[in-house]
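Encoded as structure tokens, the structure appears first; notes follow it.
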Amino acid sequence: MRFEAEFFWKRYLHEASALSKWPQKLVGDFANVTDGPHGYHVVDESSPVVMLTAKNAKDWFSDRDSADPLALFVHDANQRSSLAENDVILSTRGTVGFCALVTREVLPANIDQDVARISFRPGAGFLPGFVIAYLNSSFGQDHMLRFASGMVQQGLSLQKVREIPVPILSDNFQRGVSDIVNAALAKRRGAVVAQAAAEQSLLRALGLEDWQPPEPLTYTRRASEALAAERFDSEYFSPRVSQLLSKLSADGLTIRDVAPVRHDSFGAAKHTGETFDYIEISGVRSDGTATSEATLTDEAPSRASQLVRTGDIITSTVRPIRRLSAIIAPEQDGHVCSSGFVVLNPAYIAPEVLLTYLRLPIICELMDLHTSASLYPAISERDLLKLPIPRITDKVATQIITEVRQAHAARQQAQVLLAKAKRAVEVAIEESESAALSYLKEI
């Protein structure tokens, strides 16, 4: 413990010395800082506004993944925390220091009490792309973690956020860093386009691209049908659902037939390492990938119970309407995921095709019909495995695989660019702007 404290003290002295070479401004000098409304937030599934929490303030760019739709009257009453494009949001509770740039894709949106909104004043002298790179650099992260407080859960007060020092670097350098951040954002957007193309290819193959389901005002079903299905809700027996099931069941295949469940259990009590890599439901991204977080074995959540392997597809049983499915990357082989996922081993179907199928909005609606409970609606593993899936031709599968891999490659390229932007800021502070600009030109 003594050596660890000594290490962090030496790093602090190094960073303080490096930063002292530069004039600085505090965040509160050039931006307005506020948090979101405290207390319970009214959820309204019909609202276009989402409530971003700490889990949405990470990975450089904000997202709507797993965000609850917020009632409009709550949003209207809290305009000070209503987000705008190029704001920065920062987690102030638990995951202190996680931060992200607000993009147009996430709007309209608000934040909760565990997130700080940093909105730049006109003529602030700082570009948002540069500031997000600085906050994600070792200098920004170490400062926030050093000034966080709390015994059970670390927190960063709004005043501490306002007091974060930002070095005043030249406009030319800030533009160079911002250009790299914007290029990464363009790659992310390209990944979304490629992912959408894969979904359209699959919908076309399924005959559902321009499908207009019947929507009669009334319909009837025999009691024997309801008893056989063990369902009595009218939505399940609507002609729309019946026609969809008929289309998807043409080949007589189910999810179980093409991708059996993997039950490879993990027990923290028997794990010999100090940490393990954990995938939770909030780690599923909108592009069908998932992030793993290093977790202390001694602090393992009770739900950390399943091992995953390369090419597995994990799909959340909770709120399936939110399209929470992801593919396990090669570097995630042997990681651990939450028991809130069903882990599928796509033995007789390409993983990319299964991922795209499970993320189709129309399939997620079908899964949602099988959920139970109102607070955390969840589909059972049995019902998930019974879902029909048609046979996909090799030609269509090849096209989908290509488009999904293009999406994932674009996202990886974005990550490389973001790492470059962060490192350029560190080089500028530690060495010089000219050295950092030369580094940027190598990209």
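Name the residues in segment 115-125 that are surrounded by fewer than 22 Cβ atoms within 10 Å (Cβ to Cβ) and not basic (Lys, Arg), would you? Step through it out loud before you land on a result.
In the first step, residues of segment 115-125 are kept if they are surrounded by fewer than 22 Cβ atoms within 10 Å (Cβ to Cβ); the result is 119-125.
Listed by number, the residues that qualify are Ser119, Phe120, Pro122, Gly123, Ala124, Gly125.
Inside segment 154-196, can you point out the residues that are of a type in the set (Asp, Glu), part of a helix (DSSP H, G or I) and surrounded by 15 or more Cβ atoms within 10 Å (Cβ to Cβ)? Before you say what the answer is, go through the steps one by one.
Just the residues of segment 154-196 that are of a type in the set (Asp, Glu), to begin with: 163, 171, 179.
Pick out the ones that are also part of a helix (DSSP H, G or I) and you get 171, 179.
Listed by number, the list holds a single entry, Asp179.
Based on what the data block shows, is Gln200 more than 22 Å from Arg411 (Cα to Cα) and part of a helix (DSSP H, G or I)?
On the way: more than 22 Å from Arg411 (Cα to Cα): no; part of a helix (DSSP H, G or I): yes.
The answer is no for Gln200.
What's the number of the only condition in (1) free of Cβ contacts under 8 Å to residues at least 40 places away in the same chain; (2) not in a loop (DSSP other than H, G, I, E, B); (3) not aliphatic (A, V, I, L, M) that Gly123 fails to meet?
(2)
For segment 60-87, give me each residue that is among the β-branched types (Val, Ile, Thr) and either under 24 Å from Arg121 (Cβ atoms) or at pLDDT 90 or above (or both).
Of all residues in segment 60-87, those among the β-branched types (Val, Ile, Thr) come to 74.
Within segment 60-87, no residue meets the criteria.
Scan segment 132-153 residue by residue and report those that are in a loop (DSSP other than H, G, I, E, B), free of Cβ contacts under 8 Å to residues at least 40 places away in the same chain and among the small types (Gly, Ala, Ser).
Result: Gly150, single match.
If you scan segment 258-270, which residues turn out to be at pLDDT 90 or above and either in contact with a helix residue (DSSP H, G or I) (Cβ under 6 Å, 6 or more places away or on another chain) or assigned to a loop (DSSP other than H, G, I, E, B) (or both)?
Matches in segment 258-270: Ala259, Pro260, Arg262, His263, Asp264, Phe266.
Which one is modelled with the lowest pLDDT among residues in segment 231-252 that are assigned to a loop (DSSP other than H, G, I, E, B), surrounded by fewer than 18 Cβ atoms within 10 Å (Cβ to Cβ) and out of contact with any helix residue (DSSP H, G or I) (no Cβ under 8 Å at 6 or more places or on another chain)?
Our first condition is that a residue be assigned to a loop (DSSP other than H, G, I, E, B); within segment 231-252, this holds for 231-233, 238, 249-252.
Cutting the leftovers down to surrounded by fewer than 18 Cβ atoms within 10 Å (Cβ to Cβ) gives us 231-233, 249-252.
If we keep only those that are out of contact with any helix residue (DSSP H, G or I) (no Cβ under 8 Å at 6 or more places or on another chain) too, we end up with 233, 249-252.
Numbers: Asp233: 70, Ser249: 90, Ala250: 88, Asp251: 89, Gly252: 91.
Going through the qualifying residues, I end up with Asp233.
Hey, can you tell me all the residues within segment 292-322 that are within 14 Å of the chain's Cα centre (by Cα), closer than 29 Å to Leu369 by Cβ and surrounded by fewer than 21 Cβ atoms within 10 Å (Cβ to Cβ)?
Scanning segment 292-322 gives a single hit, Arg322.
For residues that are assigned to a helix (DSSP H, G or I) and within 24 Å of Gln415 (Cα to Cα), tally how many sit in segment 38-94. If you could, list the steps in order and put the result at the bottom.
Restricting attention to segment 38-94, the residues satisfying the condition of being assigned to a helix (DSSP H, G or I) are 54-56, 72-76, 79-81.
The next check asks that each one be within 24 Å of Gln415 (Cα to Cα); those that pass are 54-56.
Final tally of qualifying residues: 3.
For segment 391-402, check the following and say yes or no: at least one residue is in contact with a strand residue (DSSP E or B) (Cβ under 7 Å, 6 or more places away or on another chain), surrounded by fewer than 16 Cβ atoms within 10 Å (Cβ to Cβ) and within 25 Å of Ser249 (Cα to Cα). Spell out how you get there, then give the answer.
As a first pass, look at segment 391-402 and keep what is in contact with a strand residue (DSSP E or B) (Cβ under 7 Å, 6 or more places away or on another chain): none.
No - not one qualifying residue is present in segment 391-402.
Please verify whether Arg204 is of a type outside the set (A, V, I, L, M, F, W, C), out of contact with any Cys (no Cβ under 9 Å at 6 or more places or on another chain) and within 30 Å of Ser434 (Cα to Cα), treating the condition exactly as stated. Steps first, answer last, please.
Working: of a type outside the set (A, V, I, L, M, F, W, C): yes; out of contact with any Cys (no Cβ under 9 Å at 6 or more places or on another chain): yes; within 30 Å of Ser434 (Cα to Cα): no.
No; evaluated as a whole, the condition is false for this residue.
Scan segment 1-41 for residues that are at pLDDT below 85 and of a type in the set (Ser, Thr, Tyr) and jot them down.
Tyr12, Ser17, Ser20, Tyr40
Do you know which residues across segment 296-311 are more than 15 Å from His408 (Cβ to Cβ) and touching a residue at least 40 places away in the same chain (Cβ under 8 Å)? Step through it out loud before you land on a result.
Here is the first cut: in segment 296-311, the residues more than 15 Å from His408 (Cβ to Cβ) are 296-309.
Residues satisfying the conditions are Ser305, Gln306, Leu307, Val308, Arg309.
Select, from Val396, Val427, the only residue that is in contact (Cβ under 8 Å) with a residue 40 or more places away in the chain and over 19 Å from Ala326 (Cα atoms). Walk me through how you get there before you give the answer.
Values: Val427 fails: in contact (Cβ under 8 Å) with a residue 40 or more places away in the chain.
Criteria check complete, one pass: Val396.
Only one of these conditions is not met by Cys337: (1) outside any helix (DSSP H, G or I); (2) in contact (Cβ under 8 Å) with a residue 60 or more places away in the chain; (3) not basic (Lys, Arg). Which number is it?
(2)
Pick from segment 40-66 the residues that are surrounded by fewer than 20 Cβ atoms within 10 Å (Cβ to Cβ) and without any contact (Cβ under 8 Å) to a residue 60 or more places away in the chain: which of them is nearest to Glu105 (Cα to Cα)?
My answer is Ser47.
What number of residues within segment 383-432 are among the basic types (Lys, Arg), under 18 Å from Leu360 (Cα atoms) and in a helix (DSSP H, G or I)?
Step one: list which residues in segment 383-432 are among the basic types (Lys, Arg), which gives 386, 391, 395, 405, 411, 420, 422-423.
Narrowing further to those that are under 18 Å from Leu360 (Cα atoms): 386, 391, 405.
Now restrict to residues that are in a helix (DSSP H, G or I): 405.
Number of matching residues: 1.
Looking at Tyr376, is it in contact with a strand residue (DSSP E or B) (Cβ under 8 Å, 6 or more places away or on another chain), assigned to a loop (DSSP other than H, G, I, E, B) and surrounded by fewer than 16 Cβ atoms within 10 Å (Cβ to Cβ)? Walk me through it before giving the result.
Details: in contact with a strand residue (DSSP E or B) (Cβ under 8 Å, 6 or more places away or on another chain): yes; assigned to a loop (DSSP other than H, G, I, E, B): yes; surrounded by fewer than 16 Cβ atoms within 10 Å (Cβ to Cβ): yes.
Considered against the rule, which asks whether it is in contact with a strand residue (DSSP E or B) (Cβ under 8 Å, 6 or more places away or on another chain), assigned to a loop (DSSP other than H, G, I, E, B) and surrounded by fewer than 16 Cβ atoms within 10 Å (Cβ to Cβ), Tyr376 comes out as yes.
Given Asp312, Asp277, which one is at pLDDT below 95 and in contact with a helix residue (DSSP H, G or I) (Cβ under 8 Å, 6 or more places away or on another chain)?
Working: Asp312 fails: at pLDDT below 95.
It is Asp277.
Please indicate, with yes or no, whether at least one residue in segment 197-208 is surrounded by 14 or more Cβ atoms within 10 Å (Cβ to Cβ), hydroxyl-bearing (Ser, Thr, Tyr) and in the same structural domain as Asn32 (by TED's automatic domain parsing).
Looking for residues that are surrounded by 14 or more Cβ atoms within 10 Å (Cβ to Cβ), hydroxyl-bearing (Ser, Thr, Tyr) and in the same structural domain as Asn32 (by TED's automatic domain parsing), one finds none in segment 197-208, hence no.
The values are calculated or read from the model by the stated rules, or taken from the named source; none is laboratory data. Please read these numbers as outputs of a predicted model, since none were measured by experiment. All Cβ positions, glycine included, derive from the backbone under ideal geometry; neighbour counts span all protein chains shown.
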